[in-house]
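Everything below concerns the one structure shown next.
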Amino acid sequence: MSEQIVDKAAAGRGARQYHIGIAPGEVGSVALLPGDPFRVPFVAEFLTDVTEVAHNREHRTMTGMYRGKMITATSTGMGCPSTAIAVEELARVGVTSMIRVGSSAALQPGIEPGDLLVSEGSLRNDGTTAAYVHPGFPAVPDIGIAGELRRSAESMRQQRGGFGVYSGINATDDAFYAEGPEWIAQLTAMGILNVEMESSALFVVAKLRGLRAGMVCACSSNLLEGVSVYDKKDSALKDGWMRSIEVALDTAVALDL
Ligand SMILES: O=P(O)(O)O[C@H]1O[C@H](CO)[C@@H](O)[C@H]1O
Ligand SMILES: O=c1cc[nH]c(=O)[nH]1
């Protein structure tokens, strides 16, 4: 093979990363990953000593302290391609655990906007992970993180009430507007709990790189019951985002990630 072909696994190591704009040492060992850069400051609301480290393309990063632990928040953007890039580059600058705090549509009855959804694994309906692994390779979270996210969410529900907590297998889709009624019905019949667009890349790349990963989402809508909350002023979704962030932060502290 020509020696001029770039080896991307080796390129850029130890340097400021091309997409996320972060250099080694500028972040902590655990990162929360919302999709939307405008939700990174929501994580910062829980932190002290907040610094904005970088904002390049869809990847905005802030750090701060939560109960004695340094926490990083980096947005992935929408979909698996930019998520895989964020996970690869965050790993290169020293992050070893990542928790996605997203929004996701419910696919089973009774789940309402603002409820919390903890992932036990993702159905890989995306192209990015197909470029990394065999079609049968599972996209699964770290079992310890998934269990602690569930425990922490349940404890919050018991203390505060007003929202539900669910865990199960979610789908990860590439194409938001290709989620037609037939596909939604198929996913529901398979027992899939919810659908979003990033976790399969997070879980697969994390597994390949020796990282720990998990996901807790706020329900944004119920595709089975015609319930939709896409107006960001709606407080149910915002409340769900804030709960998911707090649950992820408590998990990071409990497991000393
Ligand atoms: O709110 P975030 O975390 O971006 O998550 C969901 O919202 C976007 C689609 O509206 C996709 O990124 C999907 O996964
Ligand atoms: O993939 C997704 C994510 C959120 N909401 C949806 O309707 N679909």
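Readers should treat all values here as calculations from the given coordinates under stated rules, not as data from a laboratory. As the structure is a computational prediction, the values presented were derived from the model and not from experiment. Backbone-built Cβ (ideal geometry, glycine too); neighbour counts: all protein chains shown.
Some observations on this one:
- Compactness ratio for the chain: Cα radius of gyration over 2.2 N^0.38 Å (N = residue count) comes to 0.96.
- Calculated [222 nm] ellipticity per residue, helices only, for the chain: -9500 deg cm²/dmol; basis is -39500 (n - 2.57) per DSSP H run with n ≥ 4, divided by all residues, nearest 500.
- The relative contact order of the chain comes to 25 percent, based on Cα pairs under 8 Å that sit 6 or more residues apart.
- 5 angstrom amide H check on Ser167, placed H, neighbours 5+ away: Val118
- Size-normalised alpha-carbon gyration radius of region 134-226, reference 2.2 N^0.38 Å: 1.19
- Between Arg67 and Ser155, full extension at 0.36 nm per residue minus the direct alpha carbon distance yields a gain of 29.9 nm.
- Values of log10 I(q)/I(0), in the order q = 0.09, 0.10, 0.21, 0.22 Å⁻¹, for region 1-119 under a Debye, Cα-only, solvent-free model: -0.28, -0.34, -1.14, -1.22
- Antiparallel bridges, percent of DSSP beta bridges restricted to the chain (to nearest 5): 40 percent
- D (Stokes-Einstein, µm²/s), Kirkwood Cα radius, region 99-175, 0.890 mPa s at 25 °C: 177 µm²/s
- Expressed to the nearest 5 percent, the antiparallel share of DSSP beta bridges inside region 14-90 is 85 percent.
- Under DSSP loop assignment and at most 13 Cβ neighbours within 10 Å, longest chymotrypsin sites (Phe, Trp or Tyr not before Pro)-free interval of the chain: 19-229
- Region 25-82 and region 102-123 have Cα centres separated by 22 Å.
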